[in-house]
Amino acid sequence: MDAVVVGSGIAGLTAALELRTRVPRVLLVTKGELSSGSTVWAQGGIAAALHPSDTPEAHLQDTLGAGGGLSDPEAAGVLVTEGPERVRELVARGAVFDADAAGGIALTREGGHRADRIAHAGGDATGAEISRALVAQIEAVRNDPGIEIIEHALVLDILTGTPASAEARGGALGRGAVSSADARPVAGVTLHVRGEGSRDGVGAVLAPVVILATGGIGQVFRSSTNPAGATGDGIAAALRAGAVVGDLEFVQFHPTVLWLGSGAKGQLPLISEAVRGEGALLLDVDGHRFMPGVHEMAELAPRDVVAHAIVRQMAATSADNVLLDVRHLGRGFLGERFPTITKRLGELGIDWSEEPVPVAPAQHYHSGGVVTDLAGRTNVPGLYAVGEVACTGVHGANRLASNSLLEGLVFAYRAARDVAGRYAAGEFRDVPEPAGRPGGQALIAATSRSKIQKAMSHGTGVIRTAKSLTRTDEKLSAIRADAHRAADVIAAPQAAEWETTNLYQVARALTRAAWLRTESRGGHFRADHPAPDPDWRRRVLISLSDDGALRVR
């Protein structure tokens, strides 16, 4: 293969489509079915300065404002400048967005935006529509000899060859200390196709380029809006391959996730940001509207501000949730504007036109990831990362609402065009011989997953302290990392153990970064350091040493 794309959300599908006619052979690998990526769950919309009265500069200022002083202005500038054209290309590829009276794309507003620039599809089914359109494009070329698709495949590791110089192999340099001088170039991936062969069956695909588009880390926590497959596979595999990751501590907890009781876990129903954009009010359990006293934008404040305010209000009222009140919007409007949410709530016995909806924050999005340059290149030659798995610098400490789909779209396009350009220039024509890497083996028993999630939710959740983070690290350290060698532990190399191992490795790195950052900023809130510290306007970078220890700087 000439390139392997891992993931089938907006970023992975876009990268595969862009590469298909530009390099001879592309392999698209997805953990589930083509339509099972995280994109399909996106309710809110996609942000772009599409209205004549709006500008990329205004979008940039809102993005930087939400990023807590850590967004990379150059990366954010790329996002907002190229975003409108990429959205128009989505329309050309068949995506149908909600229209206004004049027949153009209807635009609404969400938290942190000071202009109407959010495009929706089906009211609250934007991600599903984008996924449908892109999957249809892929299906139309499935029999093309230049592309191969493998569904239900878990990518385990990134194969690498012997070290090559950055000049020879073109890893990302600059933008905050990402060095490629001693990095081992990509040689392909190992993967396990579920349902084919044995439970521990592993195959290999050799290729000089791998584009990670594996999505987020939601299942690191007990409660999340992410699908079950979001187990941090891309970040963990990139770390093991020698990549640098950054901003891991910045986890976005969506303020308004349906509260289903203290025992709820896994993927929980999201009450979209767009609901507050249409006028929903947040009340505590005593009926008090509390957001106007917290932020000038009240319910439309950036997500971290709203999430922290909710947690504080829950503590003040000794409650497990707050309430989202939309009764004033009316049954007709709610059913038309938010049909998916209305249907889901109805299935759970909640009529939100008649009663407030119980909500509480849950993990939603990860601003950190594998550090890349503006073309998606990592420090590992031949390894790219796009979408939520990447750390482009766009989001900084906190993602602005509806910028995630746009980031996946814009930077997947850039990464694919970079690979194609370099292939045309004569690069990536030979696959390095896979070589062994230093460091030992690790395997975490699948039965340890709940312990990892509980420790992370309690100690590395919405509100953190040095004590809680130390306690989390101690609990994680106590989990046996060589379960395959323990005679009295039922664990073997297979899908559940591989995923749990990825969750564990991401959890350890995230907790270490959160402990190191002794301030509060964006999606990282330390109760023992509740204010931002100017000295911390810098990035925490993490990599693995040759012996497998976390190297933090």
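Key figures for this structure:
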| quantity | calculated |
| --- | --- |
| Failed item, numbered, when VAL359 is tested on (1) closer than 27 Å to ARG512 by Cβ; (2) crowded, with 22+ Cβ neighbours inside 10 Å | (1) |
| Breaking point among (1) crowded, with 24+ Cβ neighbours inside 10 Å; (2) farther than 27 Å from LEU258 by Cα; (3) touching a Pro at 6+ places or on another chain (Cβ under 6 Å), for ALA66 | (2) |
| Matching residues in segment 35-89 - criterion: being of a type in the set (Ser, Thr, Tyr) and either at positive phi or more than 19 Å from the chain's Cα centre (by Cα) (or both) | SER53, THR55, THR81 |
| Residue match in segment 187-196 (condition: of a type in the set (S, T, N, Q), over 28 Å from MET456 (Cα atoms), surrounded by fewer than 24 Cβ atoms within 10 Å (Cβ to Cβ) and modelled with pLDDT under 95) | no |
| Candidate set from segment 264-275 (those that are of a type in the set (A, V, I, L, M) and assigned to a loop (DSSP other than H, G, I, E, B)); member that is modelled with the highest pLDDT | ILE271 |
| Verdict on LEU270 being under 24 Å from SER367 (Cα atoms) and in contact with a Ser or Thr (Cβ under 6 Å, 6 or more places away or on another chain) | yes |
| Residue that is modelled with pLDDT under 95, of a type outside the set (Asp, Glu) and on the phi > 0 side of the Ramachandran plot, where the choices are GLY218, GLY261 | GLY261 |
| Filter pass, SER71 being within 13 Å of GLY393 (Cα to Cα) and in a loop (DSSP other than H, G, I, E, B) | yes |
| Filter result (part of a helix (DSSP H, G or I), in contact with a strand residue (DSSP E or B) (Cβ under 7 Å, 6 or more places away or on another chain) and of a type in the set (Val, Ile, Thr)) within segment 276-335 | VAL306, ILE310, VAL311 |
| Unique residue being modelled with pLDDT under 95 and either crowded, with 20+ Cβ neighbours inside 10 Å or of a type in the set (A, V, I, L, M) (or both) when the list is GLY32, GLY12, GLY7, GLY37 | GLY37 |
| Where GLU148 falls short, out of the listed (1) of a type in the set (D, E, K, R); (2) modelled with pLDDT under 95; (3) under 15 Å from ALA204 (Cα atoms) | (2) |
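The values are calculated or read from the model by the stated rules, or taken from the named source; none is laboratory data. Quick caveat, the model's predicted, so the values are computed rather than measured. Ideal geometry is used to build each Cβ from the backbone, glycine not excepted, and the neighbour counts take in all protein chains shown.
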